[in-house]
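Contents: one structure, followed by commentary.
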Amino acid sequence: MALCFSFIFFFLCNFSHSSIAQHLNFTSFNISNSPWKPTQNRILLSQNSKFSAGFLPGSNSRTQFKFSVWFTKAPSDAVVWSASSKAKPSAAIVFDSSASLTINSTGQLLINDSSGNQWTPGNSSTNSSSATLILNDNGNLKFGTWESFRFPTNTFLPNQSIDTQIKIFSQNGKFKFENSSNLVLSSTSDQYYKTPWGLKSMDEDGKIEMENNFFLTSDFGDKRFRKLVLDDDGNLRIYSFYPEEQNHWKVVWVAIQQQCEIKGKCGENAICMPEEDAYSSTYCVCPSGFIENPGGAEQEGCERRFKLTTNTKFLRLDYVNFTSKFDKMKKIDARNFTFCEATCKSNPKCLGFGFKYDGSAYCVVLEQLLYGYWSPGTETALYLKVDVSEKESSNFTGMTEILETTCPVQISLPQPPKDSNTTTRNIVIICTLFAAELISGVAFFWSFLKRYIKYRDMATTLGLELLPAGGPKRFSYAELKTATNDFSNLIGKGGFGDVYKGELPDHRIVAVKCLKNVTGGDAEFWAEVTIIARMHHLNLVRLWGFCAEKGQRILVYEYVSGGSLDKYLFRSRRVVPVKSSEEQEEGATPGHDPAPVPDPNTEQKPILDWNVRYRIALGVARAIAYLHEECLEWVLHCDIKPENILLGDDFCPKISDFGLAKLRKKEDMVTISRRRGTPGYMAPEWITTDPITSKADVYSFGMVLLELVTGIRNFEIQGSDMNSDEWYFPGWAFDKMFKEMKVEDILDTQIKHCYDSRSHLDLVTRMVKTSMWCLQDRPELRPTMGKVAKMLEGTVEMIEPKKPTVFFLGGE
C-alpha cells in the first residue's frame, strides 16, 4: 500500500506541479548531483518517461528503502529490477534512511548506509568527469560499461537480450531460470522444465523470439507494458498491463500448465494435488500408508505409518508419478508386470515402481519418493511398497481398473480308463463304434440332403443364387446359437431386440442382435439387410451378416468393445436410463450395450479430454452426413443419442441401429404415433404436423454435441431462477455462453480443470455454436449434416446463432 501511495504521489507531482517536478526528477545523474538520499524524493526518469529509478520505501516500513527500476505509470507490481548482492542475487539489498548514492572522484558508483549495507556495480570502465548514471527508454539502467540488463533479478523486459550466460531468480530464491531455456530448483539443481528452443528476446507486441523459431502471446498485436517474470511459485509467465481493466497485470503466457509438475511443491513422500477451484493453487497430501510430519506435508513431507520389514506388499496409486533424482530412478526392461514387481520386491532399497500397460516393457524402480504429483495425463501406474501390516487401501484409484482383464482358467482332464484284455469287452467296443459310425453317417447324409433341398428351394425363391460377392454373409440359426453359447451372454436390450455377445469359428468377436416386430417377408428382409451392409463408413458399426430362418430375423455386427458414449459422459452421477419411444412402449433399454446406473464397484471408464470429445463429435457428424447425403439410398436414423454412439479402443465413434427404422411393422409405427426417437433428443416436428426430414437427425445431434461439452443430461436441471417446467437445456447453455460470457459454467466438471482458454476456447466455442444452430426450432433454420461437419472442422464461417426457444414435451 505504501508503494502505491508513493507512485501516486510522484505521478501527481509530475502532472500537476511542473515546477516542483523539474526539481525532483532528472534524466541523468552525475558527480555534480551527488549525494542522492532517499529522503530527497528524487527520481531518475527515462527520456520517454516510461521507466523510473530511485529509492523505493518498503511496504512495511517508511525507513527502509530499495534502489529499484519500475514502470512509471503502473501503480502495482511495477518493479522490474533492484540492486542486489552477487552472493544472493535473488534478494534486493534493503537500505536505511541514512543511505546515499554517490559517484566518487575515481568515477565509482556506490550506495551505502550507516548499517554497513553497500552496493556497487563493480568495474564500469569510466572516469569521474564522464561518469553518468542514465535510464534508457527500454528500462536498462546504465553506468559506464555496466548495465542492469546484464544483472537482472527476476524479470526480463521487452527488447532485453536473454543471453545463455544470464540467470534470473525468483524473489524467494527457490527457483532459477538459466541457459535461456531451463527452469531449475535452486537447492538441488534439479531441472523441471525446458523450452523447445532457447529464448532470445521479447518485443512490446508480444512476440517472443527463440532459436530458429518464435511464439506469440495471447494478446499479440497490442503495444503494452510487458514483462517476463520468474514468480515465487516457480513458474515462468509473461504479463501484460491493462490500465483499462483497473490497472491489472494479466497473464498472457505461462510455461507450465500444471503447477504440480514444478519440483519442490511438497516434501519427501508427499503428493502434490491441484485445487479444484483454483487453476494455479496446489496442496500436498500423503499417500496411503503415510502420515504427515510435524512440519506438514508441504514442508517436511510424510513418513511411513509402519516401517518396512521383509514381508511387504504393493498399493497401486493411479494418476500418481514421482520424478525423483536421476540416480534414484532405475529404468529396467521388464518382460511383464510380474517381473517388474519381483525386481522391486527383491531390492531392499526399492520403495515403489512405475509400470506402463502399453506393451513397451517400461518399468522404473524408485529408490526415493521425491517430487510426487497427481495428473490425469500420467501414463504410468505407480505401485507403492508398504508393510504387509498396513491395512489402509489406496487413496488414488481409477486408471488401471479397466486393464485388469486376465482371468485364471483351471483345466482338468479325466483319468484314462484302466486297461482291459477282456475279449468280450473289445468286441462290444468295436461293434458299438461301428454302429455309431454307421448311424452317424446315415444321419449326416440325411441332414445334408434335407438342408440342400431346403436351401436350394429358398435360394430359388429369394433369388439368393444371384447374391453378389462381398455381400453380407448368411448364417444359420445353429451357427449363431453355437457362437453365442445358446444366446446366454446378453449385453444389451433395445427397442429393436436383444443383443448377445458371441465368437465366430474364425475367432471374430461379434454382437448378435435378435430383431423383433420386423415387417415383410424373407425377400424384403434380405433386400433391406443388403442395403444396410453396403453402408461402409469409418464411423458406422459394420454389418457382417444376417440370419433369416425359422421365423428368426437376426443381424450380426462387429463388436465394439468400448461401450456406449453415455457411460463416459454421465458416470459421475446417478443417471436414469433414457428410453426411446419404442423402448418405453416395450420396457426395453436402447443401444448396443445397456445404460445401467453407474456402480462404484463396476468398471470405471476413463475421462474423455477435450480433443477426444471433439474427434467424437466430428466423427459422428461425418457418419450422419454419409447416411443423409452419400448413400445410394437416403437413410434417416431417427434415434441419435449417446446410447447409440459406441466407442472403440482408440475412442473412434461408431453409430449403431442405423437403417433399422425401416424394418418395423406398420402397426408398430401407428401405435407410437410417429414418435421413433428418445424424449430429450426428438426434434419438435416429431410431435407436430411438420414432415419428418433429415433435419430431425440434425436436431438430435445438436443435443448430443451440447452434452459432450457439458457432460450432463439435457433433462437435468442446472442452477437457474426458472421453474422446472420452464427450464430448457439449450436455452440455459446459450445464456451462459453468449449472454453472460461464462463459458466455464457449462463445461464438464470432470475435465473443467484441464480447460485452457488459449488451447480450447476456439474448439469449445465452435462446438457450442454448432449445437445451437442444430437446435433451432424450425427445420429450415438448421444446417445440413454436411455443413455441420464443416462447421466443426472450422472450414466455414459461422455467424452468431439465435437462441433456441422450443420447449420439448417429454414422453408419458
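Bear in mind these aren't lab numbers, they're just calculated from the coordinates by the rules spelled out. Note that the structure is a prediction, hence the values are computed from the model and not measured. FYI the Cβ positions are ideal-geometry reconstructions off the backbone, even for glycines, and counts take in every protein chain you see.
Taking a 24 Å limit on the Cα-Cα distance, which of the listed pairs K86/K142; K66/K176; K223/K790 fall beyond it?
The pairs that break the limit, which is 24 Å between Cα atoms, are K223/K790.
For T323 paired with L433, estimate the spin-label separation in nm (one decimal), with each label point 7 Å from Cα along the Cα-to-Cβ line.
7.1 nm
Using the count of nearby Cβ atoms within 10 Å as a rough guide to exposure, how do Y239, Y357 rank from fewest to most?
Least crowded to most crowded, the residues run Y357, Y239.
Find how much the distance from E245 to D650 grows on full extension, using 0.36 nm per residue of separation minus their present alpha carbon separation; answer in nm with one decimal.
That works out to 141.3 nm of additional length.
Using 0.36 nm times the number of residues separating Q47 and N489, minus their current alpha carbon distance, what extension gain do you get?
150.8 nm
Going down the table (K330/K356; K454/K654; K207/K265), which pairs top 26 Å between alpha carbons?
As for pairs spanning more than 26 Å Cα to Cα, those are K454/K654; K207/K265.
Test of the criteria: in the range 729-759, which trypsin sites (Lys or Arg not before Pro) are in a DSSP loop and have at most 15 other Cβ atoms within 10 angstrom of their Cβ?
Listed in order of number, the matching sites are K742.
Could you give the length gained on full extension between T63 and S476, defined as 0.36 nm per residue of separation minus the Cα-Cα distance, in nm?
Contour length minus Cα-Cα distance gives 139.0 nm.
Among the listed pairs K194/K736; K37/K88; K263/K742, which are separated by more than 30 Å between their Cα atoms?
Correct reply: K194/K736; K263/K742.
Report the calculated FRET efficiency for R778 and E633 (r = Cβ-Cβ distance, R0 = 35 Å), to the nearest 0.05.
0.85
Once you place label points 7 Å from the Cα toward the Cβ at V442 and T423, how far apart are they in nm?
With each label placed 7 Å out from Cα toward Cβ, I get 3.0 nm.
Taking R0 as 25 Å, what FRET efficiency do you get between S161 and Q191 from their Cβ-Cβ distance, rounded to the nearest 0.05?
0.65
Using the Karplus curve 6.51 cos²θ - 1.76 cosθ + 1.60 with θ = phi - 60°, what ³J(HN,Hα) values do you get for each residue of the range 431-440, in whole Hz, with x for Gly and Pro?
5, 5, 4, 5, 5, 5, 5, 5, 5, 5
Need one number: nm distance between label points at K391 and F738, each 7 Å from Cα along Cα→Cβ, rounded to one decimal.
Calculated label separation equals 5.9 nm.
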